[in-house]
1. Tell me which residues, restricted to the range B:265-285, are over 12 Å from B:Ser307 (Cα atoms) and touching a Leu at 6+ places or on another chain (Cβ under 8 Å).
2. Can you pull out every residue in the range B:396-416 that is facing chain A (nearest Cβ under 7 Å) and on the phi < 0 side of the Ramachandran plot?
3. I'm trying to understand the selection: among the residues of the range A:87-114, which are surrounded by 20 or more Cβ atoms within 10 Å (Cβ to Cβ) and of a type in the set (A, V, I, L, M, F, W, C)?
4. Of all residues in the range B:417-440, count the ones that are in contact with a Leu (Cβ under 8 Å, 6 or more places away or on another chain) and of a type outside the set (Gly, Ala, Ser).
5. Any residue at all in the range B:369-390 that's under 24 Å from the mean Cα position of the chain (by Cα), facing chain A (nearest Cβ under 8 Å), surrounded by fewer than 23 Cβ atoms within 10 Å (Cβ to Cβ) and modelled with pLDDT under 90?
6. Out of everything in the range A:60-85 that is under 20 Å from A:Leu101 (Cβ atoms) and among the polar types (S, T, N, Q), what residue ends up being modelled with the lowest pLDDT?
7. Among B:Leu320, B:Leu294, B:Leu336, which is the only one that is among the aliphatic types (A, V, I, L, M), at pLDDT below 95 and buried (at least 24 other Cβ atoms within 10 Å of the Cβ)?
8. On the basis of being within 23 Å of A:Ile357 (Cβ to Cβ) and modelled with pLDDT under 75, does A:Phe144 make the cut?
There are 2 protein chains.
Amino acid sequence: MNYGMIRYTLFRLMRIMAALLILPFVVGLIYKEYDSAETFFILILVMFIVGYLGSFKKPANQVLYAKEGFAITAVAWVVMSMLGAIPFVLTGTIPNYIDALFETISGFTTTGGSILTSVDGVEKSVQFWRTFTHWIGGMGVLVFLLAVVRNSDGYSIHLMRAESPGPVVGKFVPKVKDTAKILYLIYLGITLVEMALLKISGLPLYDAITISFSTVGTGGFAVNDAGMGNYSTVSQAIIIVFMALCGVNFTVYYFLLNRKPKEAFAIEEVKYYFGTMLVAAGLIAVNIYRAGILDSAQMCFHHALFSVTSVMTTTGFGTLDFDKWPTFSKMILCILSLTGACAGSTGGGFKFSRVLIIVRNARNELNYIVHPKAVKRVYMDKHTVDGTTVKSVTAYLGIYVITFIVSTIIVALDNFDFQTTVTSVAATLNNIGPGLGMVGPAGNYSEFSVLSKLVLMFDMLAGRLELLPLFVVIKPKTWRK
Amino acid sequence: MNYGMIRYTLFRLMRIMAALLILPFVVGLIYKEYDSAETFFILILVMFIVGYLGSFKKPANQVLYAKEGFAITAVAWVVMSMLGAIPFVLTGTIPNYIDALFETISGFTTTGGSILTSVDGVEKSVQFWRTFTHWIGGMGVLVFLLAVVRNSDGYSIHLMRAESPGPVVGKFVPKVKDTAKILYLIYLGITLVEMALLKISGLPLYDAITISFSTVGTGGFAVNDAGMGNYSTVSQAIIIVFMALCGVNFTVYYFLLNRKPKEAFAIEEVKYYFGTMLVAAGLIAVNIYRAGILDSAQMCFHHALFSVTSVMTTTGFGTLDFDKWPTFSKMILCILSLTGACAGSTGGGFKFSRVLIIVRNARNELNYIVHPKAVKRVYMDKHTVDGTTVKSVTAYLGIYVITFIVSTIIVALDNFDFQTTVTSVAATLNNIGPGLGMVGPAGNYSEFSVLSKLVLMFDMLAGRLELLPLFVVIKPKTWRK
């Protein structure tokens, strides 16, 4: 284990954290929240100095193996969350550190489940930091590090593989550093466009900025208790579009930027993603219309589409309390929250490409019985998916199910109802945010015991980092010579 | 597709059904239920004559491929259930044919979920037939056919593979016919021992016989509304032992009969099965004791063990209404109902050996990251599990999850609560019987719509035949030249 590189990466991250905290500090100054601004200022100073001293000397041995990439990523996310939680405690917003950590992990992992019972009274600068964590976590803080720091390519690809969602990591260009830069520029571009459109649609500037952070990071923190219900239908429609766009594999945008629309639209995962979104919204619209939830068919479709997009991209915004919808609609939303968004997007969940591989692998198995001599191959985007990837994906399903089951048993100790227990695990492991019952769109996670909160925090990190890094880190074998 | 062999097998099955119906006919005579006895008598006559005429000539082409084995098995189970439902309708016990079919499929697949709101008033001969379906389905009616009919070995192994639960089918002896005979003799032996013990423990003879059918078939139909709560603790303990024994891979008994205890106790799946059973019962006992469900710690363990065994073996008997237990206990029972019993047992569910393969495959994946050069092999009973089996098992998990999800969405249309919807699918797909909520130990399946009942029937058959045969049958490709 290359401890030198772990140390170096962590202290570099601390410097980046210091830089990121400048934004909420400025917001504090603007809104005359001087106490909080002072807190942010001190934190910036301390983190910068400590980070600078710790990462002053680059380690001699910069060689990194896959397991070290996974380990660094997991440790980095935990440390980052522990640092990011400090402002919540020091500003008095969330005095309990465990709760603050829950909120921060929920932020960075773009889960969006909150322990706050109300956000209306929270200071603007703290709210800003809260939604900004979504933006930081959405594309990945290590990918950001790669974009700004000069490193060996071997180091970079392992970090990128560990932090990026999806069964296969694509490099657009030969150098990982350049891929990371391109990713962040696309990400920033989408964010700025959404901010502008939301502002034009009538949102206050502060809301336009913070909600854009929450949207493009597919996070889900809102800046007032009314949530998205507060905004006009046009603003909501803009949010739908940007949630949907950020659940798309970012490779699509890279192809589009390079004027390769054919390649961009050939990606099967994206087609199935949008197809499923529309079909599901249609089914739910009919279901809630017939159940008399809303009088207008158009509004039924609008809210159905909002919920479907919110859940599929694992954003977790809500316009209506879907916990009150018929079971059929709730079940579809539940299942879509598990499938999640596309690989290589900012969304969470199991990922559409994995679902496709699982479905095609299952179909192969059935074909094999009918035609034992047929070759068992899984195709995707007209290419064969190699055996190792199929094996990894099926193993991933196994790890996923095991994590889900073990988490559910522990959380069940709190003795909340069946629905709350199951969906709280589903909502954190898939980085959605709200579940059903007590953790429904109108509820929150504050009532859980410390043990359950720790499990759910683990699940959020495991979900964001796609399970493997966290398990690699807790395996003693990893740390042995 | 060898239609000749399908026809031949179906008509042979009809003759067997005629023979099996003799038992409830005799019970009808004993209890002076002459109307029902007459109905059974007419059915016996008709089925025997039709079956005899239809299977008079053996088809010239007796060659069978794997897909035909699967297809015959699926068709045979559907036809068998359709025939087995007739007595329920004609005796007036369940006038609606769809409901009668549900009850029969639930019987043959050893699910044990009922559409009857009360069984106290049902005639003895009909009750007998109802529990007898469990016994017939437990070991498999085609295995029975193999044991009594002279057939080519190629025909036999395909049928046996399609009907027997588990990822790998073991032949004890070179000839499948002999293996089938040995299996049925062991099965009959266990049944007779349980009947004797239950009689000695104080049960009426009728109850001892019928409850033994339900136990060794791991079915779960009871013959009175009080269920198992009616019987003494000693009788309940006997039932625990026999449920547990019938959830064991029958290979163990074959080894024991042949005085090979070393081989018998080396089977890992069986060790994990009993280990999990005891640990889970201990956890639940502590949980319900602390929740104050019962005053006596011993009785807490007794009922916890009863429930755990009942659920793991997918029998579905209940001594207490576990729907009223704390969420932790309910969650453990829920999860154990999914893992199910051992392969090669009469129990349902996902099967312990598959769980082991999934867990070990997942562990391999993690090891692979830490040691990329390590060879990825899954071991079981100290042998390597070949790649095809691992692939089949992981594909099986995929098919299982997909079936589960699609079923849940359709059943959700009935708009029962979340818990009822999810657990009704889980309880049928895993052949358990009771779920939670409306379909809990104190509830039943009568309220569902016809569509949901059809889906749940499909799930019961899919669960009993381990998914593949039913899907092979509904694939149009199977029936094409």
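1. Once the filter is applied, which keeps residues that are over 12 Å from B:Ser307 (Cα atoms) and touching a Leu at 6+ places or on another chain (Cβ under 8 Å), the range B:265-285 yields B:Glu268, B:Glu269, B:Tyr272, B:Thr276.
2. Once the filter is applied, which keeps residues that are facing chain A (nearest Cβ under 7 Å) and on the phi < 0 side of the Ramachandran plot, the range B:396-416 yields B:Leu397, B:Gly398, B:Ile399, B:Ile402, B:Ile405, B:Thr408, B:Ile409, B:Ala412, B:Leu413, B:Phe416.
3. Listed by number, the residues that qualify are A:Phe88, A:Ile94, A:Ala100, A:Leu101, A:Phe102, A:Ile105, A:Phe108.
4. The qualifying residues number 7.
5. No, every residue in the range B:369-390 fails to be under 24 Å from the mean Cα position of the chain (by Cα), facing chain A (nearest Cβ under 8 Å), surrounded by fewer than 23 Cβ atoms within 10 Å (Cβ to Cβ) and modelled with pLDDT under 90.
6. A:Thr73
7. Checking each option against the conditions leaves just B:Leu336.
8. Judged against the criteria, A:Phe144 is not a match.
The values are calculated or read from the model by the stated rules, or taken from the named source; none is laboratory data. In this text, all values refer to a predicted model and were calculated from it rather than measured experimentally. Methodologically, a virtual Cβ is constructed for each residue, glycine included, from the backbone with ideal geometry; neighbour enumeration extends over all protein chains shown.
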